[in-house]
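To start, the structure under review is shown below, and the notes come after it.
Every number in this text was worked out from the coordinates using simple rules, so none of it is lab data. Only a predicted model underlies this, so the values are computations on that prediction, with no experimental measurement involved. Because the Cβ atoms are built from the backbone with ideal geometry, glycine has one as well, and the counts that use them run over all protein chains shown.
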């Protein structure tokens, strides 16, 4: 199902002369971790560790564990590299491209796009090599197709991350709707927020095509409730995420100053894992601002008993930004 490029990984380990390797992969790929580790050990002679920590993306490289176990090489499976990030680190990226057929769900998407003519096309990295085939299917059914150039954290044309939709923002004003190839809703749900366009997610694994409009509306209703509750708080914890490409102390300081200027009492926190178990022991605090991944507040609020906002939502709560502009700033592009 996934192309793990075992031969390339083995060749790279041999070429680099790596003696100790750390494997890192997201939860969905950990079932293949044992097989891959034993193969690498057998064919390279290197000692292989598998990271047991959660992995959320290329923004979450296991650099500290790599240093702790004195590994020569980190093999990061399941994500594309972020251009320009950590050029001096010994990291090998294995993108785990998917080989699942897309024809059936793409044809379902075509049926849903009867009124739209110009279609923006995008994908997460697992399906990036299938964009040309998806384009052909759309064009064969009379659609004009646009694929945006990469920017920011994106490596490929048409690529999207859960926190970077720059390739789609670049073409949003020119398209009638957007089709994104992706397993599940994670990458798709942010697209209508970032672009304001109707979005169809084509899921090759489920062989389905789904309109994200109602899902997005439900999310926005929940975010409005959290922002409203935040306004009633006085004691706020500002959480700086410590993951490799998420940490932004300067932004945390700016948010703290802004909150204090508006009558809040704020304290800086830091955490490697921003999860309820790591912050809800701070019982004196009435609300939180998370400065790590913008998707924590939007996707995980129901796991928290108290409102947790991202910086853009704080600006809305303070009246510094209009609610109507919420669709413009859910991504990390606006955090730096």
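Rounded to the nearest 5, what % of the DSSP beta bridges within the chain are antiparallel ones?
The answer is about 15 percent antiparallel.
Which order do 187, 117 fall in if you start with the one that has the fewest other Cβ atoms within 10 Å?
117, 187
Any chance you could list P(r) for the range 1-113, counting all Cα-Cα pairs in 5 angstrom bins from zero, rounded to whole %?
For the range 1-113, the pair-distance distribution reads 2, 11, 22, 22, 19, 9, 5, 4, 4, 2, 1.
In the range 90-242, what percentage of the DSSP-assigned beta bridges are antiparallel, given to the nearest 5?
The antiparallel proportion sits near 25 percent.
Determine, at each q value in 0.09, 0.17 (inverse angstroms), the log₁₀ of I(q)/I(0) that the Debye formula gives when each Cα of the range 78-230 is one equal point scatterer.
For the requested q values the scattering log ratios are -0.29, -0.94.
Kirkwood hydrodynamic radius, computed over distinct alpha-carbon pairs, for the range 217-334: how many Å, to one decimal?
The Cα-based Kirkwood calculation yields 14.1 Å.
Principal axes first, then extents: for the Cα atoms of the range 213-253, list largest minus smallest coordinate on each axis, whole Å, largest first.
Here the spans come out as 34, 28, 12 Å, largest first.
Restricting to Cα pairs below 8 Å that are 6+ residues apart, what does the relative contact order work out to for the range 103-211? Please round to a whole percent.
This gives 30 percent for the range 103-211.
Which value, to two decimals, describes the C-alpha radius of gyration of the chain once divided by 2.2 N^0.38 Å?
Scaled against compact globular proteins, the figure is 1.05.
Please provide three numbers in whole Å: the alpha-carbon extents of the range 232-297 along the principal axes, with the largest listed first.
32, 25, 17
Averaging sequence separations of C-alpha pairs under 8 Å and six or more residues apart, then dividing by the length of the chain, give the relative contact order as a whole percent.
13
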